[in-house]
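**Q** Sharing a structure with you now.
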Amino acid sequence: PVEMQSESARVKEAMHKELLTWVKYECFTRHPRLSAKNIIDTRWVMKWKWVKVNGKRVREIRARLTVRGFKDVQGQDLSAFAGTASRAAQRLLTSEAVLRGWDIVSADVPKAFFQGISYADLAEQSGEPLREVSFTVPPATAAELRKIPGYETFDERKEVLRCTKPGTGLRDAPKCFSLKLRRVTVDEAGFTPLALEGELEVLYEDRGDSRVLTC
């Protein structure tokens with residue numbers, strides 16, 4: 001709390017950077033408060049982290065805008081399943097990598113939840129009604145939001161931000177990211193989920209009348 005005051009300029013800079021990320025991935029739009037449904041408040045989660053910049057360790061302030069998803073009136077009715085690979089699948093992958101001399105690589109997707117499918121895509125894909133989720137922002141946050149093009153006239157007393165896709169804190173964020181990931185790996189890259197382990201996907205190579213596992 002003391003550093004929140006003494007480093008207030010850097011804290012505001014971190015908040016502004018986080019809001020830019022939400023805007024970059026088109027996670028919300030402006031919406032009149034009077035006609036909004038399912039309005040949730042938000043809070044900032046601040047984090048002090050050591051990072052390397054040009055080979056030097058620098059203490060960086062990171063801010064994460066989090067929707068208080070436990071207040072979502074539709075939350076209890078949501079199907080939020082987002083599968084992960086089982087321990088057996090991980091062992092199978094390790095075994096195949098050893099036998100075939102493959103390297104095992106781990107990758108991290110930055111801002112993963114912001115890159116999931118939109119609520120419009122989710123409604124079309126699942127046949128469920130379009131989700132309506134809006135959130136409010138504290139006055140200090142609104143001041144930073146007004147510095148972003150397109151939000152110069154944003155009035156937190158009369159407007160809210162409507163989610164076009166689930167952001168940090170909403171229960172269906174993992175599911176929407178999982179669906180987007182499957183769309184990329186299966187539909188675009190041609191991977192095939194295993195019948196007994198849907199979260200483990202493999203890529204085959206056609207060789208005449210046969211298909212050979214390549215990765």
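The values are calculated or read from the model by the stated rules, or taken from the named source; none is laboratory data. Quick caveat, the model's predicted, so the values are computed rather than measured. Glycine also receives a Cβ, built like all others from the backbone with ideal geometry; neighbour counts cover every protein chain displayed. Heavy atoms of the whole protein, side chains included, go into the accessibility calculation; ligands, DNA and RNA do not. Shrake-Rupley method; radii C 1.70, N 1.55, O 1.52, S 1.80 Å.
**Q** For region 129-197, run through the GluC sites (Glu not before Pro) and keep only the ones in DSSP coil with at most 12 other Cβ atoms within 10 Å of their Cβ.
**A** Values: sites: Glu132, Glu144, Glu152, Glu156, Glu159, Glu188, Glu197; in loops: Glu132, Glu152, Glu156, Glu197.
Passing both the DSSP loop test and the Cβ count: Glu152.
**Q** Using the Cα gyration tensor of region 99-143, with a ≥ b ≥ c the square roots of its eigenvalues, what is the shape: rounded (a/c below 1.5), prolate (a/b larger than b/c) or oblate (neither)? List each step's numbers first, then the result.
**A** Details: a/c = 6.57, a/b = 1.59, b/c = 4.14.
Here region 99-143 falls in the oblate category.
**Q** Oh, and also: So who's got an amide H within less than 5 Å of the one on Val160, skipping anything under 5 residues away but keeping other chains? H placed 1.01 Å off N, in plane.
**A** Counting only residues 5 or more places away or on other chains, the set is His31, Arg33.
**Q** What distance in nm separates the simple spin-label points at Gln90 and Phe191, each placed 7 Å from Cα in the Cβ direction?
**A** 1.6 nm
**Q** Considering only His16, Phe177, Ala189, whose Cα is most displaced toward the positive end of the charge dipole of the chain, charges sitting on Cβ of Lys, Arg (+1) and Asp, Glu (-1)?
**A** His16
**Q** So how tilted is helix 87-100 from the main axis of the chain? Cα-based, degrees 0 to 90, rounded to 10.
**A** Long axis of 87-100 versus the principal axis of the chain: about 50 degrees.
**Q** Given the -39500 (n - 2.57) contribution per DSSP H run of 4+ residues, what per-residue ellipticity at 222 nm results for the chain, rounded to the nearest 500 deg cm²/dmol? Numbers along the way, then the final one.
**A** On the way: 6 runs with 61 residues, N = 215.
So the calculated ellipticity at 222 nm is -8500 deg cm²/dmol.
**Q** Solvent-accessible area per residue for the chain at a 1.4 Å probe radius, Å²? The partial results should precede the final answer.
**A** Values: 13910 Å² over 215 residues.
Per-residue accessible area for the chain comes out at 65 Å².
**Q** Search the structure for amide H atoms under 5 Å from the amide H of Phe154, placed 1.01 Å from N in the peptide plane, and list their residues when 5 or more places away or on another chain.
**A** none
**Q** Amide H to amide H, which residues 5 or more places from Val202 or on other chains are under 5 Å from it, using H placed in the peptide plane?
**A** Here Thr192, Leu194 satisfy the definition.
**Q** For every other residue with a beta carbon closer than 14 angstrom to the beta carbon of Arg91, add +1 if it is Lys or Arg and -1 if Asp or Glu, then tell me the sum. Each step should come with its number before you reach the end.
**A** Details: positive: Arg87; negative: Glu96, Glu197, Glu199.
Neighbourhood net charge equals -2.
**Q** For the chain, find the longest principal axis of its Cα atoms and tell me its angle to the long axis of helix 173-182, 0 to 90°, nearest 10.
**A** The helix 173-182 is inclined about 40 degrees to the chain.
**Q** Counting other Cβ atoms within 10 Å of each Cβ, which trypsin sites (Lys or Arg not before Pro) in region 133-176 have at most 10 and sit in a DSSP loop? Before the final figure, lay out each step's value.
**A** Values: sites: Arg146, Lys147, Arg157, Lys158, Arg162, Arg171, Lys175; in loops: Arg146, Lys147, Arg157, Lys158, Arg171.
Counting only loop positions with at most 10 other Cβ atoms within 10 Å, the trypsin sites (Lys or Arg not before Pro) in region 133-176 are Arg157, Lys158.
**Q** Using only the Cα atoms of region 122-189, what do you get for the radius of gyration and for Dmax, in Å?
**A** 15.8, 46
**Q** Average the reciprocal distances over every distinct pair of alpha-carbons in the chain, invert the result, and give the Kirkwood radius in Å.
**A** Values: mean 1/r = 0.0495 Å⁻¹.
When all Cα pairs of the chain are included, the Kirkwood radius is 20.2 Å.
**Q** Counting only protein heavy atoms and using a 1.4 Å probe, what share of the accessible area of the chain belongs to carbon plus sulfur, as a whole percent? Walk me through the numbers on the way to the answer.
**A** Numbers: 7430 of 13910 Å².
Within the chain, the accessible surface is 53 percent carbon and sulfur.
**Q** Between helix 8-24 and the chain, what is the angle of the helix's C-alpha long axis to the longest principal axis, kept within 0 to 90° and rounded to the nearest 10?
**A** The angle comes out near 50 degrees.
**Q** If you count, for each residue, the other Cβ atoms within 10 Å and average over each peptide, how do 52-58, 72-78, 12-18 line up from highest to lowest?
**A** Details: 52-58: 7.4, 72-78: 13.6, 12-18: 17.7.
Highest to lowest by the protection proxy: 12-18, 72-78, 52-58.
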